[in-house]
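Report on the following structure.
The values are calculated or read from the model by the stated rules, or taken from the named source; none is laboratory data. In this text, all values refer to a predicted model and were calculated from it rather than measured experimentally. In this analysis, Cβ positions are derived from the backbone assuming ideal geometry, glycine residues included, and neighbour counts consider all displayed protein chains. Note: accessible area is taken over every heavy atom of the protein model, side chains too, but ligands, DNA and RNA are not part of it. Shrake-Rupley method; radii C 1.70, N 1.55, O 1.52, S 1.80 Å.
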Amino acid sequence: FNKVLDKEFGRVDFKVLAAGIVGYRRAKAGSQVLYPNVSRTLIELTRMGMRLTVISDAPKLEVWLRIADLGLHHYFDEIITSEDFGVKKPDPKPFQKALEALNTSPAETLMVGDWAERDIAGAKRLGIKTAWAKYGDTFDTKESGADYELDDVSQLLEIIRKENAHAPV
């Protein structure tokens with residue numbers, strides 16, 4: 001915004017800049033809404049002993065701000081972003097880092113994502129099991145290629161129970 005002010009007016013008026021930033025933050029915060037059952041599902045996943053991380057192409061601080069604003073920051077151990085590696089999903093680097101952070105193998109890990117070409121494809125390349133969040137799809141995806149498809153995030157609980165029932169002891 002300060003670059004726009006400088007270009008348009010030849011200087012940055014901090015009064016206008018501050019008002020613009022506050023307006024942007026209010027509009028952004030007002031548009032962030034959790035999908036149904038997210039909090040309940042995260043609570044249950046935590047009770048089940050699941051470790052959770054986020055992989056995002058957004059800047060790390062922006063991701064943490066969104067998650068903290070939604071009151072979800074205590075559920076996630078780590079945020080892995082494209083700025084950590086200089087690459088975006090589906091590049092394998094962020095997925096490999098998630099496996100390291102979680103201390104899990106691909107067969108023990110489930111990637112939940114709403115972007116089939118990046119989230120699902122990237123995880124599957126490493127052999128990570130995948131669940132496509134249909135409720136978050138904005139691309140009118142017909143075929144995700146995921147191992148599971150979610151109409152609601154709470155379906156993760158049954159998937160985890162099913163996967164753990166088949167896991168070797």
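Values as computed for the structure displayed
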{"quantity": "Accessible-area composition of the chain, carbon plus sulfur, in percent [1.4 Å probe]", "calculated": "55 percent"}
{"quantity": "Rounded to 10°, Cα long-axis angle of helix 60-69 versus longest principal axis of the chain", "calculated": "80 degrees"}
{"quantity": "Dipole of the range 42-169, positive end: most advanced residue of THR46, ALA101, ALA68 [Cβ charges, Cα centre]", "calculated": "ALA101"}
{"quantity": "Note, ³J(HN,Hα) from phi for the range 107-115, Karplus 6.51, -1.76, 1.60, rounded to Hz, x at Gly and Pro", "calculated": "5, 9, 10, 10, 9, 9, x, 10, 10"}
{"quantity": "Rounded to whole Hz, the Karplus (6.51, -1.76, 1.60) HN-Hα couplings of the range 31-46, x for glycine and proline", "calculated": "9, 7, 9, 6, 5, x, 6, 5, 4, 4, 5, 5, 4, 5, 4, 5"}
{"quantity": "Per-pair calculated FRET efficiency, R0 = 30 Å: LEU72 and ALA19 via Cβ, rounded to 0.05", "calculated": "0.55"}
{"quantity": "Segment ILE43-THR104, extension gain: residue separation times 0.36 nm, minus the distance between their alpha carbons", "calculated": "19.9 nm"}
{"quantity": "Sum of -39500 (n - 2.57) over DSSP H runs of 4+, divided by residues of the chain (222 nm, nearest 500)", "calculated": "-13000 deg cm²/dmol"}
{"quantity": "Alpha-carbon centroids, the range 98-156 and the range 68-93: separation in whole Å", "calculated": "15 Å"}
{"quantity": "Full-stretch length increase - ALA58, GLU143 - with 0.36 nm per residue and alpha-carbon distance subtracted", "calculated": "28.1 nm"}
{"quantity": "Sequence-distant residues sharing a close amide H with LEU52 (under 5 Å, placed H)", "calculated": "ASP77"}
{"quantity": "Peptide ranges 52-64, 28-40, 119-131, 153-165 listed from the most packed, as the mean C-beta count within 10 angstrom indicates", "calculated": "119-131, 52-64, 153-165, 28-40"}
{"quantity": "Computed lengthening from LEU5 to GLN32, 0.36 nm per intervening residue step minus Cα-Cα distance", "calculated": "7.0 nm"}
{"quantity": "Accessible area expressed per residue, the chain, with surrounding protein chains retained (probe 1.4 Å, Å²)", "calculated": "62 Å²"}
